[in-house]
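The values are calculated or read from the model by the stated rules, or taken from the named source; none is laboratory data. Being a predicted model, the structure only gives us computed values, none of them experimental. Note that we place each Cβ from the backbone using ideal geometry, even for glycine, and neighbour counts take in every protein chain shown.
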Amino acid sequence: MSELSPISSIGLNPATASPVGLKPNNIGSESFKKVFSEVIHQTNNQLQDADKTVKDFVEGNIGNPQDVMIRLEEAHLALQFTVQLRNKVVEAYQEISRMQF
Amino acid sequence: MDQFKNLNVSASGIEANRMWMDVIASNIANAKTTKTPEGGPYRAKDVSFAQILEDQTSQSNNVLAGTGVQINEVKDDKSPFVSVYYPSHPDANKDGYVLMPNVNPMQEMAKMMIATRAYEANVSAFGSGKSMYLKALEIGR
């Protein structure tokens, strides 16, 4: 899973990601790029968290499997969400690029 | 994280029931223990659960919805020890009686079933929360 760490560098500047949360009332005031890169960052963090939990479990630092499974599920759901978001963005892009005048 | 709140609530239930199971296992394992650091036989232990209070930093408008559970305290069972006639036991007194722990194996087995089922229920709730989240992602498909 560690191959996933360069996911943050797909043309998005990580420096633009601020710790501002995704509050519904200020979505309009933030650039889409910023919001999207933040989501990617969060997903990436979650995947790395899951990675670390698995490592801890294998090394014997965590004794119970449910913690590992819960972290893995959360990372899985976050990844699904991000993939879905990406699909929508690509879809929108293709829709625009197919536009005829 | 807030988007996985119901998963975290179920996770706290899973964790609490696992800890309860640890206490029950300790009671069963020590059902015949006559020596403890405090002196005297082992005292049966039981747990009480407490709701995890919502932290004030999250701006949720329904405060009572979605709070987790945790073990409040592990308390000793104050019921009297069982005196058994057992003259060959190393801890027998001069009349041949031994004080045995106040663990009731039947009761412990029943609690064990409750803990197991509660654990399963929390796992099911976790699974339902997960499939609801995944279904929500299918809305736009």
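When A:Arg71 is tested against (1) away from every other protein chain (no Cβ under 11 Å); (2) touching a helix residue (DSSP H, G or I) at 6+ places or on another chain (Cβ under 8 Å); (3) at pLDDT 85 or above, just one condition goes unmet, and that condition is (1). I need the full set of residues from region B:37-63 which are surrounded by 11 or more Cβ atoms within 10 Å (Cβ to Cβ), in a loop (DSSP other than H, G, I, E, B) and at pLDDT below 90, in order please. Those that are surrounded by 11 or more Cβ atoms within 10 Å (Cβ to Cβ), in a loop (DSSP other than H, G, I, E, B) and at pLDDT below 90: B:Gly40, B:Ile52, B:Glu54, B:Ser60, B:Val63. The set of residues in region B:1-28 being of a type outside the set (A, V, I, L, M, F, W, C), closer than 14 Å to B:Tyr119 by Cβ and without any contact (Cβ under 8 Å) to a residue 60 or more places away in the chain consists of B:Ser12, B:Glu15, B:Asp22. Taking region B:82-141 as the search range and keeping residues that are facing chain A (nearest Cβ under 10 Å) and closer than 30 Å to B:Ala31 by Cβ, which one is surrounded by the most Cβ atoms within 10 Å (Cβ to Cβ)? For region B:82-141, the residue satisfying everything is B:Asn122.
Residues that are more than 14 Å from chain A (Cβ to nearest Cβ), in contact with a strand residue (DSSP E or B) (Cβ under 7 Å, 6 or more places away or on another chain) and not small (Gly, Ala, Ser) within region B:11-46 comprise B:Val23, B:Asn27, B:Lys32, B:Thr34, B:Pro41, B:Arg43, B:Lys45, B:Asp46, listed in sequence order.
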